[in-house]
Amino acid sequence: MMVLFGKSKKTEETVVAMLASAIRRDISFAVLAPDQKLKIDQLRQSYGGSNHSMRECLRMLAAEGMVEATSQRGFRVTSATEEDLRDILLMRLECEKLGLERSMKAGDIAWETRVVAAFHALSRAEAEVQASPDDLTALTWDEACHTLSSALISASDSPRLMAMADQFYNQSRRFRLARLREGRIDFTARSDRARALQEAVLARNSAAALHLLEQDIIEDLGASHL
């Protein structure tokens, strides 16, 4: 029987995506703290949505590693310990270095154009976040970092590799944004590394580019002491 009224599947998917984006943001900014229990009713009061859409949202975030299911069939924010950071760092390095190596071998002019544009956008975002480090500019800056990360591996010809890199990038957000809030990011050093990385990538100097990417990810997450 045809249903004339009610949400379409596409509308429901849009609602779930919007809920996931809002909760992902609040986990990244520690509004929702590590290990915090996530109760459906409380989340609906804060973010809206139906029981079904909120549960689907939490399942999506669980697949990304942002939240985890508990033994009581509920959810909680994933932990954010040094061990978690070490593991996320390991996976980011493995995925992004492999993706960049493959992209440098196969990338064409269109790939180089995406990379240059992403470096340029990041430079502008870094200037803005240093001038006005509020939540909006912080999110814009973090998204510019994400865009560059994705652009560098976008010629890897492996959707699964790119999806994994995206997943672990998302899991690393709160560590990076915490460092930003605490004023512990050296933007001068970041700018120098970005300039050197761009030059190495465009020159197809694989050894230098992979070394610089590794250094950038480690310093970006404050993981040099691990």
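The values are calculated or read from the model by the stated rules, or taken from the named source; none is laboratory data. Computed from a predicted structure; not experimentally measured. In this analysis, Cβ positions are derived from the backbone assuming ideal geometry, glycine residues included, and neighbour counts consider all displayed protein chains. The accessibility values were calculated without ligands, DNA or RNA, using every heavy atom of the protein model including side chains. Shrake-Rupley method; radii C 1.70, N 1.55, O 1.52, S 1.80 Å.
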**Message:** Rounded to the nearest percent, how much of the accessible area of the chain (1.4 Å probe, protein heavy atoms only) is carbon and sulfur?
**Reply:** 53
**Item:** (i) 156; (ii) 117; (iii) 108, with the label sought being that of the calculated volume of the Cα convex hull per residue in Å³
**Value:** (i)
**Message:** Please give me the summed charge of the neighbours of ALA20: other residues whose Cβ is under 13 Å from its Cβ, Lys and Arg +1, Asp and Glu -1.
**Reply:** -1
**Fill in**
Env charge @ SER206, Cβ radius under 12 Å, K,R +1 / D,E -1, value +3
**Prompt:** From the phi of every residue in segment 86-97, what ³J(HN,Hα) in whole Hz does the Karplus formula 6.51 cos²θ - 1.76 cosθ + 1.60 yield, where θ is phi - 60° and glycine or proline is x?
**Reply:** 4, 5, 4, 4, 4, 6, 4, 4, 4, 5, 6, 5
**Prompt:** With the other protein chains left in place, how much accessible area per residue, in square angstrom, belongs to segment 1-127 at a 1.4 angstrom probe?
**Reply:** 60
**Message:** Please list, in order along segment 196-202, the HN-Hα scalar couplings obtained from phi with the Karplus expression 6.51 cos²θ - 1.76 cosθ + 1.60 (θ = phi - 60°), rounded to whole Hz, x for Gly and Pro.
**Reply:** 5, 5, 4, 4, 5, 5, 5
**Asked** Once phi is turned into θ = phi - 60°, what whole-Hz ³J(HN,Hα) does the Karplus curve with 6.51, -1.76 and 1.60 give for every residue of segment 12-26, x standing for Gly and Pro?
**Response** 4, 5, 5, 4, 4, 5, 5, 4, 4, 4, 5, 6, 4, 4, 6
**Message:** Please list, by residue number, every one of the GluC sites (Glu not before Pro) in segment 123-226 that is coil in DSSP and has at most 12 other beta-carbon atoms within 10 Å.
**Reply:** GLU182
**Request:** Any chance you could look up the accessible area of ARG195 with a 1.4 Å probe, heavy atoms only, rounded to 10 Å²?
**Result:** 130
**Fill in**
Under 5 Å from the placed amide H of LEU38, counting only residues 5+ away or on other chains, we find PHE75, ARG76, VAL77
